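Report on the structure given below.
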């Protein structure tokens, strides 16, 4: 069985980082549109996208934001983290087939409030920054170790 485990505030040092890697699929874009309601044709309509600024379908920007949330909630600090704020700057589009490495790095600790500031980056397979920003969270104070949720396999029918 696979587990996820947090890092409590006292265990975390400035400079620590954690990351995940994910390759964007057409199904990811469709599923993100379903759960968010964002049906912007830049993400879903190849004919429209061909005549847009990027000339092809691109990911929703917040798909990358969701990857940052995944690192914070499952890796660093992990389960029990309270997300307070996030700034994001979108540098490049993410296209189907791009492999995104999402990394968070602790830049500041506030012992009186158990808050952390973290620098957040999403890099494509060429090492180019596609999203950059900063997050603030409240780190957990109690150790949590839980079985990793087994997600269902979804099939998209149009």
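The values are calculated or read from the model by the stated rules, or taken from the named source; none is laboratory data. Keep in mind that what you see is a predicted model, and the values were worked out from it rather than measured. FYI the Cβ positions are ideal-geometry reconstructions off the backbone, even for glycines, and counts take in every protein chain you see.
Just to be sure, is residue 18 under 18 Å from the mean Cα position of the chain (by Cα), over 18 Å from residue 154 (Cβ atoms) and modelled with pLDDT of 95 or more?
The answer is yes for residue 18.
Give the residues of region 19-55 that are touching a residue at least 40 places away in the same chain (Cβ under 8 Å) and out of contact with any strand residue (DSSP E or B) (no Cβ under 6 Å at 6 or more places or on another chain), sorted by residue number.
24, 25, 26, 27, 29, 30, 31, 54
In region 111-158, which residues are exposed (fewer than 10 other Cβ atoms within 10 Å of the Cβ) and closer than 24 Å to residue 10 by Cα?
Correct list: 111, 112, 142, 147.
From the list 56, 60, which residue is touching a helix residue (DSSP H, G or I) at 6+ places or on another chain (Cβ under 7 Å) and surrounded by fewer than 17 Cβ atoms within 10 Å (Cβ to Cβ)?
Answer to the check: 56.
Is it the case that some residue within region 38-45 is out of contact with any helix residue (DSSP H, G or I) (no Cβ under 8 Å at 6 or more places or on another chain) and farther than 20 Å from residue 158 by Cβ?
No, that holds for no residue.
Go through region 1-25 residue by residue and tally those that are surrounded by fewer than 14 Cβ atoms within 10 Å (Cβ to Cβ) and either part of a helix (DSSP H, G or I) or in contact with a helix residue (DSSP H, G or I) (Cβ under 7 Å, 6 or more places away or on another chain) (or both).
Within region 1-25, residues that are surrounded by fewer than 14 Cβ atoms within 10 Å (Cβ to Cβ) and either part of a helix (DSSP H, G or I) or in contact with a helix residue (DSSP H, G or I) (Cβ under 7 Å, 6 or more places away or on another chain) (or both) number 2.
Within region 37-53, does at least one residue satisfy the condition of being within 23 Å of residue 134 (Cβ to Cβ), modelled with pLDDT of 95 or more and surrounded by 13 or more Cβ atoms within 10 Å (Cβ to Cβ)?
Scanning region 37-53 turns up no residue that is within 23 Å of residue 134 (Cβ to Cβ), modelled with pLDDT of 95 or more and surrounded by 13 or more Cβ atoms within 10 Å (Cβ to Cβ).
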